Each structure stands twice: as C-alpha cells, then as structure tokens.
Amino acid sequence: MAIRVVVLASGTGSLLKALIDAQDDSYQVVALITDNPGAVAIGHAATSGVQVAVIAPNDFSSRDEWDLALADTIDYYQPDLVVSAGFMRIIGEAGVSKFTGRLINTHPALLPNFPGAHAVRDALVAGVTETGSTVHFVDAGVDTGPVIVQKSVPVLPGDDEATLHERIKGVERDLLVEVVKDFAGQKKYFE
Ligand code: GRF
C-alpha cells in the first residue's frame, strides 16, 4: 500500500512537482502545506488533485500558535512521511517532536557546509568548486539533523546564484524522489 506523504513548500514548488510526477504505488502525495498564500507550488498541487492547506503566519497572533497549527494540520493528513521541500520557515518544536524520524528536509548544499536560508549564495561567496544537495532528518536545529543522503554538484566558472541553484535543484529532485521511495520500501537508510 502506498505511504502517505505530506509536502511542505513555500515557493516555486519544482521539488513538489517532481514528487507528484514520480508517484507510484509506493507513495502518494496527499497534501501540500504552505505558509505562503501566493506560492506557485499551490498551482502544481491543485492541477494534480493534491489537497492544499495554507498556514500563513499573518493569520496567527504568535509564533507558538502558528507552530501548533502547522503541527495539527500535518497531523490531520495522517502522513507516514513529511517532506520539507523548499519550506522557508523553521519548523517549531511542536512539529519536530511530533514527527521525529518521519520529517525530512532537502537542503541545497553539502551539510554541514552552508546551513541556513542562503546556502547557494554562501557557497559561491566561499569560492568552493563543489557543492550539492543533502536530504536529512529534521531536528530542533537549523539544518543540523542526521544526513540521509548527499550528492555533489560542480560549481562552474561563470555561475551565479540562479544557475548554480538550478543545477543543484536538478539533483535534488531525483534525490528526493529516491529517498521517498526508499522510505516507502524501508530500504537502506531506514532499516
Ligand atoms: C530547493 O533548492 C530547496 O532545497 C530549497 O529551496 C529550493 C526549493 O525549490 N530549500 P522549489 O521551490 O521546489 O523549486
């Protein structure tokens, strides 16, 4: 039976789209949860019949209330796996503790290098010749949870943030699909 996957995304949602397009009998994307009512990702979900929930920070009077609403909304969809794929807010204690071991994130750098929201820019500024993508479990820190898998990507002469990020996202999409399918099959990293 297909496992239930909830995706958290804030922006373009190309990783969400890759996950939806690669669905098979091992997993099903049951919902997109976003903090951004204007996220392009919402369109990808809607055209594929994936349910959408918007949990916008402005609708809550405190960070704690938003955290709780996010955790409750994730829980509502009864996911086996929660995938943060371009979700640009830190998931609070309520969500992290409730979904430990089944909450993963994809990050556009080879962690522990370049954690945080500007990983691609930071790699360029540092002048590295190689960066990449990391899929990892989410813990209470920022991009600090146990690494599941990583893949490197070359930084090429003339790269700017956009070209490098697009090259990384090409790798991220495949890596994320592979990890979700492995999780569904309880293979490799999840035994
Ligand atoms: C990815 O590079 C992800 O690692 C980062 O944001 C990007 C999301 O891309 N946190 P998209 O919105 O799915 O196209």
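The values are calculated or read from the model by the stated rules, or taken from the named source; none is laboratory data. Bear in mind that the values here come from a model prediction, so they are computed numbers and not experimental data. Neighbour counts are summed over all protein chains in view; Cβ atoms, including those assigned to glycine, are modelled from backbone coordinates with ideal geometry.
Looking at (1) more than 12 Å from the ligand (Cβ to nearest atom); (2) crowded, with 21+ Cβ neighbours inside 10 Å, which is the one condition that is false for residue 176?
Tallying (1) more than 12 Å from the ligand (Cβ to nearest atom); (2) crowded, with 21+ Cβ neighbours inside 10 Å, residue 176 fails exactly one: (1).
Could you tell me whether any residue of region 52-61 is away from the ligand (no atom under 16 Å from the Cβ), among the small types (Gly, Ala, Ser) and under 18 Å from residue 15 (Cα atoms)?
yes
Surrounded by 15 or more Cβ atoms within 10 Å (Cβ to Cβ), of a type in the set (D, E, K, R) and closer than 18 Å to residue 100 by Cα: is that true of residue 182 in this structure? Steps first, answer last, please.
Numbers: surrounded by 15 or more Cβ atoms within 10 Å (Cβ to Cβ): yes; of a type in the set (D, E, K, R): yes; closer than 18 Å to residue 100 by Cα: yes.
Yes.
Select, from 82, 30, the only residue that is within 29 Å of residue 130 (Cα to Cα), in contact with a Lys or Arg (Cβ under 7 Å, 6 or more places away or on another chain) and of a type in the set (Val, Ile, Thr).
Values: 30 fails: within 29 Å of residue 130 (Cα to Cα).
None of the others qualify; the one that does is 82.
Being of a type in the set (Val, Ile, Thr) and closer than 18 Å to residue 76 by Cβ is the filter; apply it to region 25-42 and report the residue that is farthest from the ligand (Cβ to nearest atom).
So the first thing to find is which residues in region 25-42 are of a type in the set (Val, Ile, Thr), and the list is 29-30, 33-34, 40, 42.
Next, only the ones that are closer than 18 Å to residue 76 by Cβ stay: 29-30, 33-34, 42.
On the way: 29: 13, 30: 18, 33: 14, 34: 10, 42: 12 Å.
Among residues in region 25-42 that are of a type in the set (Val, Ile, Thr) and closer than 18 Å to residue 76 by Cβ, the one farthest from the ligand (Cβ to nearest atom) is 30.
Being more than 16 Å from the ligand (Cβ to nearest atom), part of a loop (DSSP other than H, G, I, E, B) and either within 22 Å of residue 66 (Cβ to Cβ) or modelled with pLDDT of 95 or more (or both), is that true of even one residue in region 145-152?
Taking every residue of region 145-152 in turn, at least one turns out to be more than 16 Å from the ligand (Cβ to nearest atom), part of a loop (DSSP other than H, G, I, E, B) and either within 22 Å of residue 66 (Cβ to Cβ) or modelled with pLDDT of 95 or more (or both).
Counting only residues that are in contact (Cβ under 8 Å) with a residue 24 or more places away in the chain and of a type in the set (D, E, K, R), which one in region 146-173 is surrounded by the fewest Cβ atoms within 10 Å (Cβ to Cβ)?
Initial filter on region 146-173 (in contact (Cβ under 8 Å) with a residue 24 or more places away in the chain): 147-152, 154-155, 159-161, 164-165, 168-169, 171-173.
Remaining after also requiring of a type in the set (D, E, K, R): 151, 159-161, 169, 172-173.
Values: 151: 15, 159: 17, 160: 10, 161: 14, 169: 20, 172: 25, 173: 21.
Among residues in region 146-173 that are in contact (Cβ under 8 Å) with a residue 24 or more places away in the chain and of a type in the set (D, E, K, R), the one surrounded by the fewest Cβ atoms within 10 Å (Cβ to Cβ) is 160.
Just give me the residues in region 96-144 being within 15 Å of the ligand (Cβ to nearest atom) and among the charged types (D, E, K, R), in sequence order.
Residues satisfying the conditions are 121, 122, 143.
Determine which member of the set 37, 112 is modelled with pLDDT of 95 or more, touching a strand residue (DSSP E or B) at 6+ places or on another chain (Cβ under 7 Å) and not acidic (Asp, Glu). Steps first, please.
Numbers: 112 fails: touching a strand residue (DSSP E or B) at 6+ places or on another chain (Cβ under 7 Å).
Selected residue: 37, the only one of 37, 112 that is modelled with pLDDT of 95 or more, touching a strand residue (DSSP E or B) at 6+ places or on another chain (Cβ under 7 Å) and not acidic (Asp, Glu).
So which residues in region 165-176 are under 14 Å from residue 114 (Cα atoms) and among the hydrophobic types (A, V, I, L, M, F, W, C)?
Residues of region 165-176 under 14 Å from residue 114 (Cα atoms): 165, 168.
Selection gives 168 alone.
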